[in-house]
1. When Lys and Arg each count +1 and Asp and Glu each count -1, what net charge do the other residues less than 14 Å away from residue A:177, Cβ to Cβ, add up to?
2. In a shell of Cβ-Cβ distance under 13 Å around residue B:45, excluding residue B:45 itself, what net charge do Lys and Arg (+1) and Asp and Glu (-1) give?
3. Which value, in Å³ per residue, describes the convex hull spanned by the Cα atoms of segment A:72-210?
4. With a Cα-only, solvent-free Debye model of segment B:2-138, what are the log10 I(q)/I(0) values at q = 0.09, 0.11, 0.14, 0.19 Å⁻¹?
5. If packing is taken as the average number of other Cβ atoms within 10 Å across a peptide's residues, how do B:107-118, A:51-62 rank, most packed first?
6. Can you tell me how much longer the chain between residue B:83 and residue B:139 gets when fully stretched, taken as 0.36 nm per residue apart minus their C-alpha distance, in nm with one decimal?
7. Using label points projected 7 Å from each Cα along Cα→Cβ, tell me how many nm separate residue A:132 and residue A:66, to one decimal.
8. At a threshold of 8 angstrom on Cα-Cα distance, excluding pairs fewer than six apart, so keeping six or more, what relative contact order does segment B:2-138 reach in percent?
Amino acid sequence: MSNYRPLLLLARIIPLLLAAALLACSSPQPPQLQQATLLPSPKPVAAFNLINAKGEPFTLENLKGHWTFAFFGYTHCPDVCPTALGMLGQVMHKLKDSDHLDNLPQVVFVSVDPQRDTPEVLARYVTYFYPDFIGVSGDPAEILSLTRQLGILYMRTAGGGDNDYLIDHSAAIILFDPDGRFHALFNVPHDPDKIASDFLLIKAYYEATR
Amino acid sequence: MKPLLSALLLTLLTPLAGADTGLVVDRAWVREAPPGASMMAAYLVISNPGNSDATLVAVDSPAFARVMLHKSETVDGVARMVHLDSLLIPAHGSVTLEPGSYHLMMPAPQTRLREGDQVKFLLHFADNSSVAVTADVRKKP
């Protein structure tokens, strides 16, 4: 019986060694993410023409060259939007504090309420959460041309009057990669620690597989 | 005149605060409104140690023209706000008003409330009792 022991041990170790060898040779594995949903393959985004809070064009070109978190909402929203933007502010502070980040992602708040969210309103609103946040809105048709590529939904609901309506809107945060492609999304509930660490994993995997 | 009247009302009603029901309202805070925001939200916890259910039917505050009871909910990824006429606090239970869920919604006052300010709310229940609470204005929970 005791003669078989080394053989048994070998039988157990060989598959492990094989697996390790296979892992080392193959391409990097997709990261294990806590909150993000990666698209099976990043989705190119068709051109769109929005306006930033300074009144300048904000287009597909503005997504290129850096990672971008985007959230879609409106400034009259008292609960969900300030919660999400405050959370993204925390994500930015965490990423800024992490050593291995030379190029911080940009954060874009897209207002789906251009009727009330003028560039002036947006400028003061978004920078409250983080000085570099970018406020963007524009022509309703242009907003729709971007949102429908991302599966972002929004619809006006009844309010007290013409200027007193609420808007139901997708709560997901979209992540664009530096090629301007729709790369991943973060569904609620949003946790700044998980989003920051998922982002670093997604970025590392993207860089390792280019 | 109006603040005076509100103050008078508060003084008159405060002694009634939860006297019979034993309802406790605490951890109240108001999210500081970002500049330009027209709507604000407040959060708190209502505990009901009593033997019978309690129903919150209205809230008012000398700091706001209106206080509405709302719930944010996300269904199939879409966040929406639902207006509530009342909120049940079960016997021996509690209800938490918190970001992304139940909250009070108020139109932002002319003078912007800032972190460090305090705001009073008066919660009215179906049994005609009222509970007063003071909320701190803060930037985050």
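The numbers here are math on the coordinates, done by the rules we state, and not lab data. Remember, it's a predicted structure, so these values are computed and weren't measured experimentally. Here the Cβ is made from the backbone with ideal geometry for all residues, glycine too, and neighbour counts use every protein chain on show.
1. +2
2. Taking every Cβ under 13 Å from that of residue B:45, the sum is -1.
3. Taking the convex hull of the Cα positions in segment A:72-210, it is 113 Å³ per residue.
4. With no solvent term, the Cα-only Debye profile gives -0.26, -0.39, -0.63, -1.14.
5. Going by the mean number of other Cβ atoms within 10 Å, highest first, we get A:51-62, B:107-118.
6. Answer, rounded to one decimal: 17.7 nm.
7. Simple spin-label model gives 0.5 nm for this pair.
8. Details: 317 pairs, mean separation 45.4, N = 137.
After rounding, I find 33 percent.
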